[in-house]
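Values quoted throughout were computed directly from the atomic coordinates according to the rules given, and no laboratory measurement underlies them. Note that the coordinates shown come from a computational prediction; the quantities given were computed from them, not determined experimentally. Glycine gets a Cβ as well: all are built from the backbone with ideal geometry, and neighbour counts include every protein chain shown.
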Amino acid sequence: MKKHLGEESGVRGYIWAILLTGTIAGGILVVFPIAYSMYNKGAKLSVIFTYIGATAICKVPMALFEALFMGVKFTAIRLLVSLPLVIVTSILLGNYLNKRNYKMVEGK
């Protein structure tokens with residue numbers, strides 16, 4: 001987990017996070033336990049935030065459904081605009097929390 005999604009992953013970590021979101025079946029609530037496990041295994045906070053944000057944007061079934069009704073051009077534009085915004089805000093939030101030495105509270 002640290003190798004692919006940790007501090008040393010670089011851009012590759014964000015790509016992995018986005019690719020993993022396409023495989024999630026279910027709503028966004030399914031993502032939070034997975035994100036917690038990613039955190040405990042050493043994933044970088046900004047990559048986790050990208051994973052959570054991208055889950056709401058780029059699931060494969062949703063994109064296919066959207067492309068059928070709204071058109072492929074609309075879906076492509078939406079993904080090309082939304083994904084960079086998710087990555088940028090995730091990096092900003094991750095950096096902000098890292099500067100404040102944020103640590104997630106352990107479950108009881």
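Per-residue 3J(HN,Hα) values for segment 75-80, derived from phi via the Karplus relation 6.51 cos²θ - 1.76 cosθ + 1.60 with θ = phi - 60°, read 4, 5, 5, 4, 5, 5 Hz in sequence order (x marks Gly and Pro). Under the rule a/c < 1.5 gives rounded, and otherwise a/b versus b/c splits prolate from oblate, where does the chain land using the Cα gyration tensor? Note, shape of the chain comes out prolate.
Sparse packing (at most 11 other Cβ atoms within 10 Å of the Cβ) combined with a DSSP loop state is found for the following trypsin sites (Lys or Arg not before Pro) in segment 66-105: ARG100, LYS103.
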